[in-house]
Each structure stands twice: as C-alpha cells, then as structure tokens.
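Trainee: My questions all concern the structure below.
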Amino acid sequence: MKAFEELRSSLIESLTGLGSVVRFLLRLIVNSPGALRRYDLILQQIYNSGALSLVIIMLSGLFVGMVLGLQGFQLLQRFGSEEALGTAAAIGLVKELGPVVTALLFAGRAGSALASELGLMRATDQISAMEMMAVDPIGRVCVPRFLGGVITMPLLSAIFCVIGIYGAQLVGVQMMGVDSGSFWSQMRASVGMSDINEGIVKSCIFGVACSLIAVYEGYYATPTAEGVGQATTRTVVTSAVVILFLDYLLTAAFL
Amino acid sequence: MRRSHTLNLGTGLFVVLGFAALTFLTTQTTSHGLSFGSSPHYDLTAKFDNIGDLKVGAPVSMSGVEIGRVVGISFDSKEYKAVVSMRINQRYNQIPTDSDASIYTQGLLGGKFIGLTAGGAETYLKDKDQIDFTQSAFVLENLIGQLLANFAKSGGDSGKSNADAPAGADPKAPEAHKTEAHK
C-alpha cells in the first residue's frame, strides 16, 4: 500500500514537472516576438553558445569523422567496396551523428553554462531584483538565451557534419588510399536532399529541447550553491536522455 | 567598445561558417546541383520487360554523359511491363525517335542506370514521347540460371570436368559447349 502511494506521488510529481516545462515553453514562445526587438541580447547569446562552442564542435567533428573513416574503411574493405566510404560517412554524419553529438556537446558546453548562469542569478536575487523593477525576467533573460540556442544548434550541427566528412576523407583518401573521385561521386549519388533535411530538422528540434531544458532548470534552480550545482547536473543528464529519446522518435518518423 | 567589436566579429564568423557549412552540405554532398528542377526539361517514357532494381533518381545517360534522371516508375497492368518516365534536360533535345534505351549496371554490383543509344532517324523525340526500342535489365540470377542450364545440357563428360575444375576455370565451359555444337 505504501509502495503504491509512493508510486502515485512520484507519478504526479513527474507529470507536474512536465506540465510546468510545457507552460514555461509557451511563456518563452509568447515572449519571443518582443525579445526579437532586442536583437543585441540574442546576438550576445549566439556568441556565447555558438561562437564559443566552435572549437569544441570542430575538434570533435574532425575526430568523429576520422574514426568513421577508419572504422568504415575496415568494415567496407571486407566486402571490397571501400569506395562506399564517402556515402557511409556522409549519411552517418548528416542523419545521425551530426545532430546527436552536436546536441550532446551543446548540452555539456552551452547548456550547463546557461543553467548555472541563470541559477546563480536566481541565487543572488538578480531575478527577483528585475521583478522588483518591473522588468520581466522571462523576456529579458530567458528568451534571448533560448532563442540563441535554437538559432545556434542547426548551424553548429552543419559545421560538425562538414568537418566530419572532411575528417573521413582525410583518413579514407589521404591515409588509406581510397580513390578521391569515387569517394565524392558515390557520396553525391546517394545522399539526397531528404537526408540533409532530416539532419536539419533533427538539429532544430534538439536545439529547442536543449535550450528549453537548460533555461528551465536554471530559472527554477533552488537558490543555493548546492541547488545551482544540481540544476547544472540535471540539465546535462536530462538533455542527454531527451536528445537520444527524441532522436529515436524522429528517426522512426522520417523512415 | 572593444568587447562589442570582438562579440560582433565572433558572432559574424560563426554565422558565416554555419551557413557556409549548410551550403556545402546541400550542394556538395548531394547531387542536387545536377537536378533539373529549375532548368528547362522534357519528359520521355519507355516500357521495359524487367527493370531490375532501377530506382527513381537514377541517371539517364547517353554515351556515358548524364542527360537526365528517372523521375517515375510505374507498372502497366495491361501489357505487364514497367513504365519508366525520364526527365531529360532541354539542352539535349536532338535524340532521334528510333533511339533505344537499355538498363545498365554501374560497376559490378552498383546501381542501375538507363543508357540511350542514338538511332538514325531525322525526327527527334519530343515531350511525352515514348522510346519504343528497349532492352531489359541484366539480371544476375537469370544469367546464372542460364549458365547452369547450359552446363546441364552439355551433359556427361564436360559436366564431370567442370566439377573437377576450380571456379576460376568456368569461362572455358561455354567455349567447350560451342565446339561440341559445331561437331
């Protein structure tokens, strides 16, 4: 009986949490048009979460692409079709690895920074101070961060894919001796616009999910040092799980 | 001032890089640059007995030069034939009406594509025309089946020698069969 009671309360708790996330998302969307007028704030956030993530995204993309090139070459060599390496690497990167790994890195690099920043603002009463001055903290603080993340993610993912394909080419063509012409021509023949679209849609949705979770966790963080730490941790963990779950759903939807 | 300059520069660099990457993905990794969606084109159809695993989007080539793409594959239930519609770039509008269309394979096990061979007629194919002379896809299973049937027909002693011979010696078998037939 007690176990049942606990189950019921935890179910209600998680439903409440989900509901408040959705309400928060709606508030962000409602406040978005107004925030677009203060574009310099959004620009600042694009710089923070986009331009500053460039190095980690490019480095990871290069190595992911190089690993793909190496593993793909090993596997395809068994069937004597090394030329398909370009196709394998490009499709793998554009449809799956690009959006997912970028989103995971984004959650770790930018999402955690967003959450701890907002959490600290909450803990040091900056958000309350804004409310006292009749400045809506959602419109002034949360929406620019949210929109910045949403705009940033597809661009980061595209950069990741391009660098990754270059990395695969580096290993496959330069090191392993796959013919450069067939690498590119087979890729062009088999990658379609639908694959690129799938990657872009995925990265846009991951961008919304990551930024929403980071801003929500930070904004509603417990205003203590411990609470800020917890909010940061929860941001990364929840984002990772939600990204992989959404990835499954989206892949199934695109099939 | 200094800070806002760096900020603008960094953001600008990032946005430019992002859009450059998107452009690269859409134009360089796909064959979209080759699609005739916007350029003028005309449509042809051809009926094949068997199209193998020809796919929509496969290239249509003439003398090895890509002149169009397969845009649709349907089945004619009256004639029991596959109807392939092709979209040909308007630049190549001088294809004789008695040209023939064959389905070839790219590489040993690659995808299928349609090859057109020019005929000798003075009139040219127009939009919505049909290519009458067609040759079906080369289906590996059928060929192996024929080969096996040939072996079976050539019978007793040659069949025995085939069984002893390694796989690499197979090409000789049809020749042996031919000489036997001459006798």
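Values in this text are rule-based calculations from the coordinates and carry no lab data. Since the model is a prediction, treat every value here as computed from it, not as a measurement. Backbone-built Cβ (ideal geometry, glycine too); neighbour counts: all protein chains shown.
Trainee: If the convex hull of the alpha-carbon atoms of region A:1-116 is projected onto planes in all directions, what is the mean projected area in square nanometres?
Mentor: Numbers: hull surface 50.2 nm².
Directional mean of the projected Cα hull area for region A:1-116 stands at 12.5 nm².
Trainee: When A:Phe4, B:Phe24 are ordered from fewest to most other Cβ atoms inside 10 Å of their Cβ, what list results?
Mentor: With the sparsest Cβ surroundings first, the list reads A:Phe4, B:Phe24.
Trainee: So what's the angle, to the nearest 10 degrees on a 0 to 90 scale, between helix A:180-190 and the longest Cα principal axis of chain A?
Mentor: 60 degrees
Trainee: Also, I was wondering about something else. Sort B:Thr29, A:Thr87 by Cβ crowding within 10 Å, fewest neighbours at the top.
Mentor: Ranking B:Thr29, A:Thr87 by Cβ neighbours within 10 Å, fewest first, gives A:Thr87, B:Thr29.
Trainee: Using only Cα atoms and rounding to the nearest 10 degrees, what angle (0 to 90) does helix A:193-219 make with the longest principal axis of chain A?
Mentor: Between the helix axis and the principal axis of chain A, the angle is about 30 degrees.
Trainee: Same structure again: For each of A:Val150, A:Val242, count neighbouring Cβ atoms within 10 Å of the residue's Cβ, then give the residues from fewest to most.
Mentor: A:Val242, A:Val150
Trainee: Let me ask something else. Taking 8 Å as the Cα distance limit and 6 or more residues as the minimum spacing, I'd like the relative contact order of chain A as a percentage.
Mentor: Worked out over chain A, it gives 32 percent.
Trainee: Below 15 angstrom from the Cβ of A:Trp184, what's the summed charge of the other residues (Lys, Arg +1; Asp, Glu -1)?
Mentor: -2
Trainee: Could you give the distance between the Cα centres of region A:47-112 and region A:195-255, to the whole Å?
Mentor: The two parts, judged by their Cα centres, are 19 Å apart.
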